[in-house]
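Just below is one structure, and these are the notes that go with it.
The values are calculated or read from the model by the stated rules, or taken from the named source; none is laboratory data. Not measured: the values here are computed from a predicted model. Cβ placement follows ideal geometry from the backbone for every residue including glycine, while neighbour counts extend to all protein chains displayed.
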Amino acid sequence: MEERSLNFLEEIIEKDLAEGKYKSIYTRFPPEPNGYLHIGHAASICLNFGLAIKYQGKCNLRFDDTNPVTEETEYVESIMNDVKWLGFNWDELRYTSDYFEQLYAYAVQLIRQGDAYVDDSTAEQMAATKGDINKPGTDSAWRSRSIDENLALFEEMRAGKYPDGAKVLRAKVDMAHPNLLMRDPIIYRIKHAHHHRTGDAWCIYPMYDFAHGQSDSIEQITHSICTLEFIHHRPLYDWFIQKLGIFPSHQYEFARRNLTYTVMSKRKLLQLVNEKHVAGWDDPRMPTISGLRRRGYTPESIRNFADTIGIAKRDNITDVSLLEFCIRENLNKVANRVMAVLDPVKLVITNYPEGQTEEFDAENNPEDEQGGSRKVPFSREIWIEREDFQEQATKKFFRLAPGLMVRLKYAYIVRCDDFKKDEQGVVTEIYCSYLPESKSGNDTSGLKVKGTIHWVSVPHAQTAEVRLYDRLFRVENPANEDGDFKDYINPDSLQVVANAYIEPALTQAQPGDRFQFLRKGYFCADKDSTPGHLVFNRTVGLKDSWAKEAKK
RNA sequence: AGUCCAAUGGUGUAAUGGUAGCACAACAGAUUUUGGUUCUGUUUGUCUAGGUUCGAAUCCUGGUUGGACUACCA
């Protein structure tokens, strides 16, 4: 087992455990069901569930559903699905809405203690009396209502006597506090809205600040981990726990994870979906977990990525090449190799008898001794990749050009003798002769060739649609650029190859199956596939040192 | 401007007063029936100025830079 240093949360936990502050730890992953989870959430999921596993504690999945206007059951389902797919099991499935009655009682307690009051101010009036960063706020005219009046009014709010916005319940903290969140924050507002779980039972809903900490407390969460932007909420979080005298959960913050060449805010992702810049939340170009899944990413690779980037408290933007490294590393070990030609040109082996065919053994995965092999048919005419031929070989080009030899993977060495072009100058056929004694496995030719290329036999070829995905944005950090982030969308983020040629064995592929298309990259059969029409998504290309060399 | 948070190679992250390390990326080479994989090597870093100390990335002070906060969102 590799010795790894602790991150700052593990240090806190080990200290708490060592000092006997807690017998075991309890964490939670608390998404609001108002969108799909993305790779940043995946890091948070791995963190919260991972800590619980590492320290033999527990971790809940809790939906923070206090705003009925934006939340939907569709999101609840996708979130549960994503967490499970990533490989985690929650101890308890909870909803903040489970606690509405308890939260209401907490609010009443605060009123009785003189720590909360009903305010009739409008939103504008409240903003005007809030003060700002440099200026203290001023007390609301309703701040000194009697406890009995507050109690009665709050009950009426719940009973539906008032329209949206007519009244709010506020905590009585300090209107001059340097932390704006402590200037008598709103804790309940009136919303005559249908809730995805409680239906029309309520017309008042608690605010985040009056729900999150209390929910943590109810669930006996010991370490409540959230992102940095909530750091200013911590004094309020602690204030409520202290005033209510409930289980003291503690909040800890870490920096949210960012990735280059994408956006990570739910609002922006929702825009991409609604404005049809992508085909949906699970479009393979999206950084959503469902998008990555459809793209062909494995749970293991995402967990490994989350582990590798670690956690800290400083702003960050991780290079997407690290994510790509993680999926390549995983797929290299488990994905079967197959041959597919994406941009075909015909190669004729002039000295191979017409009508003759052969079958070669092809190993499924050189990285896996148990991977087995399959048969690949061969004939006089084969499809090869257009980029594997040059009319005049540039320097260091180890593939086909007149006079040059390559090995056809699993088959023979061929020498290029000639080629044919059409009126536009496009190469239409390449003529080669093969060396019968160079047969793969018992090559007695004594020849060494530098290049090996993939191919598909023309009469045996099947077709498939192949979707070549690239990064969604042209710039590293679209959210930081001037103007609309959507101006930086990469127009070539999807290229569709309508008719790629694939070897016959591939027609057995089921949606979700992952392969390495030899020399091209890793691909995943898409859910759009039908028995007669296979669709493959490119997960990620292979590292391509020739592409770099060719640019020089 | 007030409060809070953070500053370590191109990127991410370690070193918890004692040799600045790891991964990705980049570069060079070896191996290779994938220009893949694997292996070897190389380049690049402690924001700044003081202070404490035998010794500071680490502790202290000032500065600089970046971020967060002024929703009846979470």
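Residues in the stretch A:431-443: is at least one more than 21 Å from A:I502 (Cα to Cα), modelled with pLDDT of 95 or more, under 43 Å from the mean Cα position of the chain (by Cα) and among the hydrophobic types (A, V, I, L, M, F, W, C)?
No, that holds for no residue.
Out of A:V83, A:V118, A:V69, report the one residue that is aliphatic (A, V, I, L, M), under 38 Å from the mean Cα position of the chain (by Cα) and within 13 Å of RNA strand B (Cβ to nearest atom).
A:V69
What are the residues in the stretch A:143-199 that are touching a residue at least 40 places away in the same chain (Cβ under 8 Å) and among the aromatic types (F, W, Y), if any?
Within the stretch A:143-199, A:F154, A:Y188 meet the criteria.
What pairs can you find where one residue is in the stretch A:224-253 and free of Cβ contacts under 8 Å to residues at least 40 places away in the same chain and within 16 Å of A:A107 (Cα to Cα), the other is polar (S, T, N, Q) and in a strand (DSSP E or B), and their Cβ atoms are less than 6 Å apart, with a gap of 6+ or different chains?
Partner pairs satisfying both residue conditions: A:Y237/A:Q251.
What is the residue count in the stretch A:288-326 for residues that are within 22 Å of A:K486 (Cβ to Cβ) and either within 10 Å of RNA strand B (Cβ to nearest atom) or surrounded by fewer than 22 Cβ atoms within 10 Å (Cβ to Cβ) (or both)?
Here the count works out to 3.
Can you tell me how many residues in the stretch A:444-458 are of a type in the set (D, E, K, R) and free of Cβ contacts under 8 Å to residues at least 24 places away in the same chain?
The qualifying residues number 1.
Go through the residues of the stretch A:88-111 one by one and say whether even a single one is polar (S, T, N, Q), more than 14 Å from RNA strand B (Cβ to nearest atom) and out of contact with any Lys or Arg (no Cβ under 9 Å at 6 or more places or on another chain).
yes
If A:Y352 passes every condition in (1) of a type in the set (S, T, Y); (2) within 27 Å of A:T262 (Cβ to Cβ); (3) surrounded by 14 or more Cβ atoms within 10 Å (Cβ to Cβ) but one, which one does it miss?
Going through the list (1) of a type in the set (S, T, Y); (2) within 27 Å of A:T262 (Cβ to Cβ); (3) surrounded by 14 or more Cβ atoms within 10 Å (Cβ to Cβ), A:Y352 breaks only (2).
For A:L151, work out the one condition from (1) within 13 Å of RNA strand B (Cβ to nearest atom); (2) in contact with a helix residue (DSSP H, G or I) (Cβ under 8 Å, 6 or more places away or on another chain) it doesn't fulfil.
Here A:L151 clears every test but (1).
In this structure, is A:N364 surrounded by 14 or more Cβ atoms within 10 Å (Cβ to Cβ) and within 30 Å of A:P459 (Cβ to Cβ)?
Yes: the conditions hold for A:N364.
Just wondering, is there one or more residues in the stretch A:475-482 that are in contact with a helix residue (DSSP H, G or I) (Cβ under 7 Å, 6 or more places away or on another chain) and of a type outside the set (A, V, I, L, M)?
yes
Please go through the stretch A:440-472 and pick out each residue that is within 16 Å of RNA strand B (Cβ to nearest atom), assigned to a strand (DSSP E or B) and not β-branched (V, I, T).
A:S457
Considering only residues that are part of a strand (DSSP E or B) and either within 12 Å of RNA strand B (Cβ to nearest atom) or out of contact with any Asp or Glu (no Cβ under 6 Å at 6 or more places or on another chain) (or both), which ones fall in the stretch A:223-250?
Scanning the stretch A:223-250 gives A:H223, A:I225, A:C226, A:T227, A:H250.
Among the residues of the stretch A:372-388, which ones are of a type outside the set (A, V, I, L, M), in contact with a Ser or Thr (Cβ under 9 Å, 6 or more places away or on another chain) and outside any loop (DSSP other than H, G, I, E, B)?
Correct list: A:P377, A:F378, A:S379, A:E381, A:W383.
When you scan the stretch A:251-318 for helices (runs of 4 or more DSSP H) that lie fully inside it, which ones turn up with 2 or more residues that are under 22 Å from A:G50 (Cβ atoms) and under 11 Å from the mean Cα position of the chain (by Cα)?
A:289-295, A:299-309
Which of the numbered conditions does A:K486 fail, given that it passes all the others? Conditions: (1) over 30 Å from A:P353 (Cα atoms); (2) within 16 Å of RNA strand B (Cβ to nearest atom); (3) part of a helix (DSSP H, G or I).
Every listed condition holds for A:K486 apart from (2).
Only one residue in A:E369, A:E391 is touching a Pro at 6+ places or on another chain (Cβ under 8 Å), free of Cβ contacts under 8 Å to residues at least 60 places away in the same chain and in a loop (DSSP other than H, G, I, E, B), so which one is that?
A:E391
From the list A:V496, A:V535, which residue is of a type in the set (V, I, T), surrounded by fewer than 13 Cβ atoms within 10 Å (Cβ to Cβ), touching a residue at least 12 places away in the same chain (Cβ under 8 Å) and away from RNA strand B (no atom under 16 Å from the Cβ)?
A:V496
With (1) part of a strand (DSSP E or B); (2) within 9 Å of RNA strand B (Cβ to nearest atom) as the list, and A:L181 as the residue in question, which single condition is left unmet?
(1)
Do any residues in the stretch A:97-123 that are free of Cβ contacts under 8 Å to residues at least 24 places away in the same chain and under 22 Å from A:L61 (Cα atoms) have Cβ atoms under 9 Å from those of residues that are within 16 Å of RNA strand B (Cβ to nearest atom) and assigned to a helix (DSSP H, G or I), where the two are at least six apart or on different chains, and which pairs are they?
These pairs meet every condition: A:D98/A:S215; A:D98/A:I218.
For the stretch A:46-147, please list each of the helices (runs of 4 or more DSSP H) lying entirely inside it that holds at least 3 residues being modelled with pLDDT of 95 or more and surrounded by 21 or more Cβ atoms within 10 Å (Cβ to Cβ).
Result: A:73-85, A:100-112.
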